[in-house]
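Quick notes on the structure that follows.
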Amino acid sequence: MGTYPLLEGIDSPADLRRLDRKQLPELSQELRRFIVESVSATGGHFSSNLGTVELTIALHYVFNTPEDRLVWDVGHQTYGHKILTGRRGQMSRLRQKGGIAGFPRREESEYDTFGTAHSSTSISAAIGMAVAARAAGSDRRAIAIIGDGALTAGMAFEALNNAKQADANVIVVLNDNDMSISENVGALNNYLAKLMSGRFYAATKKTAEKMLSNAPPLKELAKRFEEHAKGMLTPSTMFEEFGFNYTGPIDGHNVEVLIDTLTNVKRLPGPQFLHVVTKKGQGYKYAEDDPITYHGPGKFDPEVGLVKAKPAPDAKPKPTYTQVFGDWLCDMARQDKRLVAVTPAMREGSGMVKYSQEFPDRYFDVGIAEQHAVTFAAGLAVDGVRPVVAIYSTFLQRAYDQLIHDVALQNLPVLFALDRGGLVGADGPTHHGAFDLAFLRCIPNMIVMAPADENECRQMLYTGMQVPGPSAVRYPRGAGPGVEIQKEMRALPVGRGEMKREGKRIAILAFGSMVKPAMDAAAELNASVANMRFVKPLDVELLERLAATHELLVTVEEGVVNGGAGSAVLEALQARGFSVPVLVLGLPDAFVEHGDPQLLLADCGLDREGILRSIRERIAQTSGRRPGMAA
């Protein structure tokens, strides 16, 4: 690592506050260089963290943290915060198993006042903290730092609407960088752009500059005054209608202006709203030019930036499930003009870039608004459109009520393409798709599919377009086993699995991504393997046959065992009077930490060795043999 004379002397914000203000621009440069050097070695969220360097320093310099509460939203802009709060030495293990998380976590540091990784929660939490402080007779401040992308979510506006009524001494800092992960969309983004380029403000500034051009000292004084007076020159804002005192917009990369403004805002009672303008990727040209690509890169050489890996001459790279979905979406749209695709601000992550370019009139990015995305799709389906909602498993959790009431209750044909099902790795428990199989299968009218490979994913997506009601295809992050993808699309028989291997005594009922490790384990046990394909409806005929011809059934799923696919098997067997022993394998009743996905799967006993170990232990328990003996 390079040398950082100022940064290396900071182990807490108290050390930061001992610096002279004149040293803070230099500290900003050091912190930015450290983030570049650190993240290039570990991978992680990048451009968003470069954009909040000066803001992070100013917040910790002005406020008495951790007594004053900083609530970050979303969490992928907090690396600078972690570095300044005693975790600089742990950055080399960022997002790795046993290392620090990539997001704020209360159990990790007293400076992480509220855990977050998804968006739009900060204002609600900060208002709660402010009300609690008042009840305790404390004058501590609660500060929510929210991105402009996160401000598109309904929950953020629910909180803004409540702030005045709650009489909360809360400060909302809007980090306006015109970006979420993809480009921001919608009326709010346009409003902020208008605010920044308002004719009255721009004309006033231009006239003043012309008048003062021949008086450099006065011009410099006016420049300083401008940063404090912008709020008087900009048009009245909707934030003031919510009961906030609005200040801004100000330069989020001028640490002097930030400190002066935050100091002034800190003294004001009641709800305060500070509009700060930043640039994603600030200070690192590659990220400035392409903040989307540099949102969450893997390891890279900071001198040359990201370089696209060249495949081996004879190697055919395996497509990811996300790419399989993106290709299918384009193929299906060409075939069926009723198809419309909807995403809550995840165009790149969900593999929809090509589709958005080819079918712009049938593509809708609704911003970070999962609830709206689902009900919007329901409205489309009511009048004959066939909507496909591309959404991460954990993001669908935010729209569960809409999924039940607006889609399933009305039995509307909405297809949910659920990416990131199962363990996703470095983003950790907030992003693991652990609960979807359990929360989807209990909803009437839902069809729930889990593909075992890339081709099956394509055919299941096509199947979902043919059924008359709601359906979901749930697939994992990353590449599949490398099965050849058939161009021709055909509908699979709903509620029918397939036998992958005929064996004796033991039958493994595998769901989705667990088919491959189940097959590997079965080869050593001479066990039967069924690719169940459908979590709902279950293939009951296949289940009955296996229960009648085997001594032990084993269900394997990359989802929580409580209420998941294995539970569905147990319920079906009990309803039909079968008493065959069943071993249910899946994710534990706990939040799985961050780390390499394969290591996490091994920890949960969902790799080949783990499945073998669990089956042998069950056999030993029932037969008196020691674990490890041949089945």
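Among the residues of segment 513-529, is there at least one that is outside the structural domain of residue 448 (by TED's automatic domain parsing) and assigned to a strand (DSSP E or B)?
At the first step, the residues of segment 513-529 found to be outside the structural domain of residue 448 (by TED's automatic domain parsing) are 513-529.
Imposing the further condition that a residue be assigned to a strand (DSSP E or B) reduces the set to 528-529.
Yes, segment 513-529 contains at least one residue that is outside the structural domain of residue 448 (by TED's automatic domain parsing) and assigned to a strand (DSSP E or B).
Between residues in segment 242-271 that are part of a helix (DSSP H, G or I) and residues that are small (Gly, Ala, Ser) and modelled with pLDDT under 90, which pairs lie under 9 Å by C-beta distance while being six or more apart or on different chains?
What qualifies is 261/248.
Given the structure, is residue 62 in the same structural domain as residue 283 (by TED's automatic domain parsing) and either modelled with pLDDT of 95 or more or in contact with a Lys or Arg (Cβ under 8 Å, 6 or more places away or on another chain) (or both)? Give the steps one after another, and end with the answer.
Working: in the same structural domain as residue 283 (by TED's automatic domain parsing): yes; either modelled with pLDDT of 95 or more or in contact with a Lys or Arg (Cβ under 8 Å, 6 or more places away or on another chain) (or both): yes.
Criteria met by residue 62.
Any chance you could count how many residues in segment 358-412 are among the aliphatic types (A, V, I, L, M) and in contact with a Ser or Thr (Cβ under 9 Å, 6 or more places away or on another chain)?
Restricting attention to segment 358-412, the residues satisfying the condition of being among the aliphatic types (A, V, I, L, M) are 366, 368-369, 373-374, 377-378, 380-382, 385, 388-391, 396, 399, 403-404, 407-409, 412.
Adding the requirement that they be in contact with a Ser or Thr (Cβ under 9 Å, 6 or more places away or on another chain) leaves 366, 368-369, 373, 389-391, 399, 407.
Looking only at that region, the number is 9.
Give 98, 86, 115 a once-over and let me know the one that is under 28 Å from residue 398 (Cβ atoms) and in contact (Cβ under 8 Å) with a residue 12 or more places away in the chain. Even if it seems obvious, please write down each step before you answer.
Working: 98 fails: under 28 Å from residue 398 (Cβ atoms); 86 fails: under 28 Å from residue 398 (Cβ atoms).
Of 98, 86, 115, the one residue that is under 28 Å from residue 398 (Cβ atoms) and in contact (Cβ under 8 Å) with a residue 12 or more places away in the chain is 115.
Looking only at segment 373-393, count every residue that is in contact with a helix residue (DSSP H, G or I) (Cβ under 7 Å, 6 or more places away or on another chain), surrounded by fewer than 24 Cβ atoms within 10 Å (Cβ to Cβ) and part of a helix (DSSP H, G or I) and tell me the total.
2
When you go through (1) surrounded by fewer than 24 Cβ atoms within 10 Å (Cβ to Cβ); (2) in a helix (DSSP H, G or I); (3) under 18 Å from the mean Cα position of the chain (by Cα); (4) polar (S, T, N, Q) one by one for residue 96, which number turns out not to apply?
(2)
Let me confirm something: among 551, 557, 541, 609, which residue is over 24 Å from residue 498 (Cβ atoms) and outside the structural domain of residue 444 (by TED's automatic domain parsing)? Outline the logic, then answer.
Numbers: 551 fails: over 24 Å from residue 498 (Cβ atoms); 557 fails: over 24 Å from residue 498 (Cβ atoms); 541 fails: over 24 Å from residue 498 (Cβ atoms).
Of 551, 557, 541, 609, the one residue that is over 24 Å from residue 498 (Cβ atoms) and outside the structural domain of residue 444 (by TED's automatic domain parsing) is 609.
Kindly establish whether residue 444 is modelled with pLDDT of 95 or more, of a type outside the set (Ser, Thr, Tyr) and out of contact with any Gly (no Cβ under 7 Å at 6 or more places or on another chain). Before the answer, list the steps.
Numbers: modelled with pLDDT of 95 or more: yes; of a type outside the set (Ser, Thr, Tyr): yes; out of contact with any Gly (no Cβ under 7 Å at 6 or more places or on another chain): yes.
The answer is yes for residue 444.
Name every residue in segment 331-372 that is of a type outside the set (D, E, K, R), assigned to a helix (DSSP H, G or I) and crowded, with 18+ Cβ neighbours inside 10 Å, in order of residue number. Give the steps one after another, and end with the answer.
Taking segment 331-372 as the starting set, the residues that turn out to be of a type outside the set (D, E, K, R) are 332-333, 335, 339-346, 349-353, 355-357, 359-360, 363-364, 366-369, 371-372.
Right, trim to assigned to a helix (DSSP H, G or I) and you get 332-333, 335, 353, 355-357, 360, 371-372.
332, 333, 355, 356, 371, 372 - these are the residues of segment 331-372 that are of a type outside the set (D, E, K, R), assigned to a helix (DSSP H, G or I) and crowded, with 18+ Cβ neighbours inside 10 Å.
On the basis of being at pLDDT below 95, buried (at least 24 other Cβ atoms within 10 Å of the Cβ) and within 27 Å of residue 249 (Cβ to Cβ), does residue 150 make the cut? Give the steps one after another, and end with the answer.
Numbers: at pLDDT below 95: yes; buried (at least 24 other Cβ atoms within 10 Å of the Cβ): yes; within 27 Å of residue 249 (Cβ to Cβ): yes.
The answer is yes for residue 150.
Given the residues 469, 482, which is the only one that is assigned to a loop (DSSP other than H, G, I, E, B), at pLDDT 95 or above and surrounded by fewer than 24 Cβ atoms within 10 Å (Cβ to Cβ)?
It is 469.
I'd like the full set of residues that are part of a strand (DSSP E or B) and over 22 Å from residue 433 (Cα atoms), limited to segment 530-552.
Once the filter is applied, which keeps residues that are part of a strand (DSSP E or B) and over 22 Å from residue 433 (Cα atoms), segment 530-552 yields 530, 552.
In segment 560-600, which residue that is over 29 Å from residue 102 (Cα atoms), of a type in the set (A, V, I, L, M) and assigned to a helix (DSSP H, G or I) is nearest to the chain's Cα centre (by Cα)?
Filtering first and then ranking leaves 565.
Got a number for residues in segment 601-616 being in contact with a strand residue (DSSP E or B) (Cβ under 9 Å, 6 or more places away or on another chain) and either among the β-branched types (Val, Ile, Thr) or in a helix (DSSP H, G or I) (or both)? Working first, answer last.
Residues of segment 601-616 that are in contact with a strand residue (DSSP E or B) (Cβ under 9 Å, 6 or more places away or on another chain), as a first pass: 601, 604-606, 610-611, 614-615.
Then keep just the ones that are either among the β-branched types (Val, Ile, Thr) or in a helix (DSSP H, G or I) (or both); that gives 601, 610-611, 614-615.
Total satisfying the criteria: 5.
Pairs please, first residue from segment 574-595 and under 22 Å from residue 517 (Cβ atoms), second anywhere and of a type in the set (D, E, K, R) and surrounded by 11 or more Cβ atoms within 10 Å (Cβ to Cβ), Cβ atoms under 6 Å, 6+ apart in sequence or on different chains.
Matching pairs, first to second residue: 583/618; 586/557; 594/95; 595/97.
Do the conditions hold for residue 419, that is, is it of a type outside the set (A, V, I, L, M) and touching a strand residue (DSSP E or B) at 6+ places or on another chain (Cβ under 8 Å)?
Numbers: of a type outside the set (A, V, I, L, M): yes; touching a strand residue (DSSP E or B) at 6+ places or on another chain (Cβ under 8 Å): yes.
Criteria met by residue 419.
Scan segment 502-533 residue by residue and report those that are surrounded by fewer than 18 Cβ atoms within 10 Å (Cβ to Cβ) and aliphatic (A, V, I, L, M).
523
Collect the residues in segment 404-441 that are surrounded by fewer than 20 Cβ atoms within 10 Å (Cβ to Cβ) and not hydrophobic (A, V, I, L, M, F, W, C), keeping them in residue-number order.
405, 410, 411, 429, 430
Of the numbered conditions (1) surrounded by 18 or more Cβ atoms within 10 Å (Cβ to Cβ); (2) under 28 Å from the mean Cα position of the chain (by Cα); (3) over 15 Å from residue 144 (Cα atoms), residue 261 satisfies every one except a single condition; which is it?
Just one mismatch for residue 261, condition (2).
Does segment 1-49 hold any residues that are touching a Gly at 6+ places or on another chain (Cβ under 6 Å), within 21 Å of residue 276 (Cβ to Cβ) and at pLDDT 95 or above, and which are they?
Across segment 1-49, the qualifying residues are 31, 32.
Here is a check on your reading of the model: is residue 281 touching a residue at least 60 places away in the same chain (Cβ under 8 Å), part of a loop (DSSP other than H, G, I, E, B) and surrounded by 14 or more Cβ atoms within 10 Å (Cβ to Cβ)?
Values: touching a residue at least 60 places away in the same chain (Cβ under 8 Å): yes; part of a loop (DSSP other than H, G, I, E, B): yes; surrounded by 14 or more Cβ atoms within 10 Å (Cβ to Cβ): yes.
Taking the combined requirement at face value, the residue satisfies it.
Is there a residue being touching a residue at least 60 places away in the same chain (Cβ under 8 Å) and either crowded, with 24+ Cβ neighbours inside 10 Å or under 33 Å from the mean Cα position of the chain (by Cα) (or both) anywhere in segment 489-501?
yes
Across segment 108-131, what is the total count of residues that are of a type in the set (Asp, Glu) and either within 20 Å of the chain's Cα centre (by Cα) or assigned to a helix (DSSP H, G or I) (or both)? Reasoning before the result, please.
Here is the first cut: in segment 108-131, the ones of a type in the set (Asp, Glu) are 108, 110, 112.
Applying the additional criterion that residues be either within 20 Å of the chain's Cα centre (by Cα) or assigned to a helix (DSSP H, G or I) (or both) yields 108, 112.
Final tally of qualifying residues: 2.
With (1) buried (at least 23 other Cβ atoms within 10 Å of the Cβ); (2) assigned to a helix (DSSP H, G or I) as the list, and residue 555 as the residue in question, which single condition is left unmet?
So residue 555 meets the others, but not (2).
The values are calculated or read from the model by the stated rules, or taken from the named source; none is laboratory data. Keep in mind it's a predicted model, so treat the numbers as computed, not measured. Note that we place each Cβ from the backbone using ideal geometry, even for glycine, and neighbour counts take in every protein chain shown.
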